[in-house]
Amino acid sequence: MVSDQEVYRGILDLDWRRRPKDSYRILFIYLTLIVSAVVFLLPLLWMVTTSLKTQAEVYVFPPTFFPETFRWQNFPEGWTYESMQWTRWLVNTLTITTAVMVGTLISATLCGYGFARISFPGRDVWFIMVLASIMLPSTVTLIPLFVGFHRAGWLDTFLPLTVPAFFGGGAFNIFLMRQFFKGIPIELEEAALIDGAGRLRILWQIFVPLSGPVIATTSVFTFQAVWNDYFGPLIFLTSQENYTLALGITFFKGLYNTQIPYMMAMSFLMVIPMIIVFFFAQRLMIRGVILSGIKA
Amino acid sequence: MNSRMRNTVQGYLFISPVVLGLLIFTIGPMLTSFYMSFTKFPLLRAPEWIGLRNYIVMFTSDRNFWQACKVTLIYAGTSVPLGLIGAFVLAILLNQRVKGIAFFRTSFYMPAIVPAIASLILWGWLMNRDYGLINAILVRLGFAKFPFFAEPETALASMVMMSLWGVGAGMIIYLAGLQGIPESLYEAGKLDGANELQLFRNITVPMMTPTIFFNLVMGMIAASQTFMNAFVLTSGGPLKSTYFYNLMLYERAFNWTQMGMASAMAWFLLFVVLVLTLLVFRSSALWVFYEAEVK
């Protein structure tokens, strides 16, 4: 596995040695960087300022950038607007997220350990199948899964969204766990095996306490994926009280007169946890993204 | 029980979640879906075997099908290469030795953490023809308003533009690749008198081809399944100009409950993606450079 240091060498440690003859070049680089940063950040800023406008203010052309008065009450008003159940949807989203995270961590840890530390016939074939499943378009399994969940009476419950997480927890997470476990010194494990400790106990008492970084990475990625998931809830949930936040936002669109400020306010509320997680776990998230590319 | 036997039993016990998961949630459904593609299956009645009829209807009498293929191919064929280039250029910029890179890196990556639904809602509004920010800027600069999603000629192009906002994740992967190129290669190049353009063409690009290759394959697979953009923003319109393959599949399955037809569509998609992926893998011998080969 690529170590933190290797990945961050140069990304975080800024080695900048300016020489006078480079100054035009540096000016050019800065100009390009600044223009790009504006292009990338302006939309988000627009989301925030729009969320603080009145409904009348957003339907003006040309639009003003800042609202005349900052309508912070758009947030509580949007939250309780007409028949919307944002509190309920938040609870639903958190319930699903928690269940998926628990399932993912348990099953990815078990599978990662099995692939990393026990050698048995057929192991590599299964591991290749796990990796290959990353490339399978999920469209192919969608219809039979829907039919299966329909037959099982699971539609409009959280089960189709959470139960699969307990069966492997996603190919990428298994891959991460396996890579990490492979790096733990074998001597620790052998000593424990000679002492007669069982595999599960070794996993729990030796591997898990050493695996903070990979557990955190998996958790952050799972949280992000479930929080952002739109397609799963769209297919498997039907009644409004079972909706998640992502589904809830589209409710504003169905109204005869789309409440743009409220819609932006709720969208921004959905972004906030992601921004918080990003700032606390920036290194982990970036490393996860990098690893997802390095395995090729 | 000898230790080999014990390892086998324990090994399979440990990986049993994913083995069961693959069987129940991947391989089983795949085979079922293949069978369903030869049936008429309106969900509430049992599947009825109709042979190749779904495929024949799909290829010959459903005009929307080819429109959906066309839309999806155009989108994948433009958004994926543009995204690759955009992410690569940003990574090169971020790899320069100037102060404050951390701020710019965060700025470029930020859109990639915004939930897809929130960014679609946001872009739908930014690209609104009558009240959107982008048209406000265009008008201010003396241009005419751009219709974006309001006209069939511009709707799909607007989606491609929108997709470029999320290139941050790909950019981070390139950045890591760039950091991994040994400095000694550049030093050797400079000693031989190479200028910067030559260093870029002969060291940076070849060393980055494995990363580009990976991003290309994954980007293609993701783009072929584009759904949300059309479902949330345009419902496939105007005039089916953003009628993506997976939107059509969704309509067949969940609005018309034609599960057999939808399965046939899913298998055709898998087939096309597989062929394209194999072509890219095949071609990789020509353009992807693996360090190990020269050792």
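From Cα pairs below 8 angstrom and at least 6 apart in sequence, can you work out the relative contact order of chain A, rounded to a whole percent?
Here the relative contact order equals 29 percent.
Per DSSP helix of 4 or more residues, -39500 (n - 2.57); summed, then divided by the residues of chain A. What does that give at 222 nm, rounded to the nearest 500?
-20000 deg cm²/dmol
Per 0.36 nm of contour for each residue apart, how much would the distance between B:Thr209 and B:Glu187 grow if the chain were fully extended, relative to their Cα-Cα spacing?
Between B:Thr209 and B:Glu187, full extension yields 5.9 nm more.
On a C-alpha basis, how far is the centre of region A:207-248 from the centre of region B:211-242 in Å? Whole number, if you could?
After rounding, the separation between the Cα centres reads 22 Å.
If you add up the charges near B:Leu239, with Lys and Arg at +1 and Asp and Glu at -1, over every other residue whose beta carbon is less than 11 angstrom from its beta carbon, what do you get?
On the way: positive: B:Lys240; negative: B:Glu151, B:Glu153.
Cβ neighbours under 11 Å give a net charge of -1.
Let a ≥ b ≥ c be the square roots of the eigenvalues of the Cα gyration tensor of region B:1-81; is it rounded (a/c under 1.5), or, if not, prolate (a/b larger than b/c) or oblate? Write down the numbers at each step before the final one.
Numbers: a/c = 4.41, a/b = 1.83, b/c = 2.41.
Here region B:1-81 falls in the oblate category.
Taking square-rooted eigenvalues a ≥ b ≥ c of the alpha carbon gyration tensor, is region B:42-194 rounded, prolate or oblate, where a/c under 1.5 means rounded and, failing that, a/b exceeding b/c means prolate?
Oblate shape, in that a/c is at least 1.5 and b/c is the bigger or equal ratio.
Would you work out if chain A is rounded, prolate or oblate? Take a ≥ b ≥ c from the square roots of the eigenvalues of the alpha-carbon gyration tensor; rounded if a/c is under 1.5, else prolate when a/b is larger than b/c, oblate otherwise. Walk me through the numbers before you get to the answer.
Details: a/c = 2.50, a/b = 1.29, b/c = 1.93.
In terms of gyration-tensor shape, oblate.
Would you calculate the separation in nanometres between label points at A:Arg151 and B:Ile24, each defined as 7 Å from the Cα along the Cα-to-beta-carbon direction?
1.4 nm
How many Cβ atoms of partner chains, on average, are near each residue of A:241-249 if near means within 10 Å of its Cβ? Walk me through the intermediate numbers first.
Working: counts 0, 0, 0, 1, 3, 5, 1, 1, 6.
Rounded to a whole number, the mean comes out at 2.
Can you give me the C-alpha center-to-center distance between region B:73-103 and region A:105-154, rounded to a whole angstrom?
Value for the Cα centre distance between the two parts: 32 Å.
Could you work out the Rg to Rh ratio of the protein assembly as shown, with Rh taken as the Kirkwood radius (inverse of the mean 1/r over all Cα pairs)?
The Rg/Rh ratio comes out at 0.97.
Reported to two decimal places, what Rg/Rh ratio describes chain B when computed on Cα atoms with Rh from the Kirkwood expression?
1.05
Taking the Cβ-Cβ separation of A:Leu200 and B:Tyr35 as r and a Förster radius of 30 Å, what is the calculated FRET efficiency to the nearest 0.05?
The calculated FRET efficiency here is 0.15.
Distances longer than 14 Å among the Cα atoms of region A:20-79: what percent of all pairs is that?
The answer is 66 percent, as a whole percent.
Taking every alpha carbon pair in region A:143-296, what does the distance histogram look like in 10 angstrom bins from 0, in percent?
9, 26, 28, 23, 10, 3, 1, 0
Each reported figure results from applying straightforward, stated rules to the coordinates on display, with no laboratory input. Since we're looking at a predicted model, the values are computed, not measured. Neighbour counts run over all protein chains shown; Cβ positions are idealised from the backbone, glycine included.
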